[in-house]
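The structure appears below as structure tokens.
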Amino acid sequence: MLTLSQRGRSGLQFLGSLQPYASSRVRSIAKAEFEADPQGKAIVEEHERGGSNEPWPDRIAQAKVVAEKSVAYKHERFYQRYVGEENFVRAIPAIEEKRAEAEKLVNRPFEDCGGSLELDDTVPIPDYYEGVEWHLEPGGWDGYDLAGPMFMAGIGPYVFSKGGYAAVEVGDDIRNQRVDVTKHLPKDHYDRIYEMGCGGATTLAACHKNYPDAELTGSDLSPAMLKGGHDAARAMGIPITFKQRDARNTGEPNESVDAVICYALFHEMPVSVCVETIKEAFRILKPGGDIIINDPPPFAAVHPFQAVVLDWDTDNRGEPFFSETCATEWVEVLKDVGFIDTRAFGLGSQGYPWINLGTKPA
Ligand SMILES: C[S@@+](CC[C@H](N)C(=O)[O-])C[C@H]1O[C@@H](n2cnc3c(N)ncnc32)[C@H](O)[C@@H]1O
């Protein structure tokens, strides 16, 4: 395990304290001020009656005007942006200080436990993906050669694990959330589980915990994430097949998998790409197979103040598709594509994790 220097660690620990403080103490003041404002009160009442028919950008714009009257809201958002940027400003030098050790860790030999890594540089990089610095990470998912150690030894344990950013609430453990969410797949046993946009191995490892006999395959566009996932899977002794693929074109045979998982994928793709992804999932699922999608909740399911908070990520935290995906009811798209037994529900107090489920007719 890589240990950061005291200086590197403490810089991140500060961010890991500031962010939850902002999103609990400061945000609750901002929310109370929103609710006390006459216009805010009217927006909340309308939401409780089922909401207006105005398009989401207009509804959010009205709620945002009210939220921005609050100095606490502005402070809270400033801290969010500060932490979002500063994560990398602090974590990269902290890892660079330990570059030799981190490289050794990345290049260490692994025991073969099954599983494989199939990279394919002919897979086209979609225009929407090119050049986006997701979560403000310099260079995006493939921008830093030591991104794996940076998350595993730095941002992960000291900042992200404290919660309080985007849809993730303070104290939420994003690893355990993956176990809780994948447990909601409706059957007790699956032969083959396929994760689209798997990134690394975190969600597939959660699947292994819940379905230890299932054969696991994950695909993603990012070679760096896939390589990190392959290493992490071998370090955990979990056989997983990783493939570089676009979620819209997995190359899997028709009706070949029993469950498809899309975890924290949709908010990173335009809605049209998500719809194509659902159609691809329908194609590769066996009759009777299940799909589970987890992403931030739809705006309609959350308090108007929380909708403003979610919408903010679109322009301020390297999440260009956050708002358009939160404005979409995925359960309706599942039905349109042909899934049955569709359901949508939130697990957390603010609607996250938000689960959409469907089954391909037998
Ligand atoms: C927030 S990460 C989530 C990773 C993983 N599902 C998890 O639970 O940790 C989103 C991932 O989606 C991938 N992605 C975005 N567009 C994609 C596409 N069209 N096809 C496959 N993967 C895609 C990104 O490369 C990134 O690894």
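The values are calculated or read from the model by the stated rules, or taken from the named source; none is laboratory data. Remember, predicted model here, so these are calculated numbers, not experimental data. Don't worry about glycine lacking a Cβ; one is built from the backbone with ideal geometry, like all the others, and counts go over all protein chains shown. Note: accessible area is taken over every heavy atom of the protein model, side chains too, but ligands, DNA and RNA are not part of it. Shrake-Rupley method; radii C 1.70, N 1.55, O 1.52, S 1.80 Å.
What the table below lists for this structure:
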{"read-out": "GNM top mover of Leu347, Leu226, Leu119 - the chain, alpha-carbon springs below 10 Å", "value": "Leu347"}
{"read-out": "For the range 177-302: rounded, prolate or oblate by the Cα gyration tensor [a/c cutoff 1.5]", "value": "rounded"}
{"read-out": "Cβ-derived FRET efficiency at R0 35 Å, Ser17 paired with Asp191, nearest 0.05", "value": "0.20"}
{"read-out": "Order by protection proxy (mean Cβ within 10 Å, highest first), peptides 101-108, 30-37, 353-360", "value": "353-360, 30-37, 101-108"}
{"read-out": "Radius of gyration, Dmax [the range 6-359; alpha carbons; angstrom]", "value": "20.4, 63"}
{"read-out": "Gained length - Glu111 relative to Gln39, 0.36 nm times residue gap less alpha-carbon distance", "value": "19.8 nm"}
{"read-out": "Accessible area (Å², per residue) of the range 119-176, counting only protein heavy atoms and a probe of 1.4 Å", "value": "47 Å²"}
{"read-out": "Shape call, the range 100-216: gyration tensor on alpha carbons, a/c limit 1.5", "value": "rounded"}
{"read-out": "For the chain: relative contact order, % (alpha-carbon pairs under 8 angstrom, 6 or more apart)", "value": "18 percent"}
{"read-out": "Solvent-accessible heavy-atom area per residue, rounded to whole Å², over the range 267-325 at 1.4 Å", "value": "24 Å²"}
{"read-out": "Positive minus negative residues near Ala214 (Lys, Arg vs Asp, Glu; Cβ under 9 Å)", "value": "-3"}
{"read-out": "Theoretical FRET efficiency, 1/(1+(r/R0)^6), r = Cβ-Cβ of Glu68 and Glu96, R0 51 Å, to 0.05", "value": "0.85"}
{"read-out": "GNM result for the chain, Cα springs below 10 Å: residue of Asp311, Asp188, Asp142 fluctuating most strongly", "value": "Asp188"}
{"read-out": "Rounded FRET efficiency, nearest 0.05, which uses the C-beta distance separating Lys209 from Phe345 and R0 of 22 Å", "value": "0.55"}
{"read-out": "Dimensions (Å) - the range 229-351, Cα atoms, principal axes, largest first", "value": "43, 37, 26"}
{"read-out": "Apportionment of accessible area to carbon and sulfur, the range 186-294, percent (1.4 Å)", "value": "51 percent"}
{"read-out": "Prolate/oblate/rounded label for the range 53-106 (Cα gyration tensor, a/c 1.5)", "value": "oblate"}
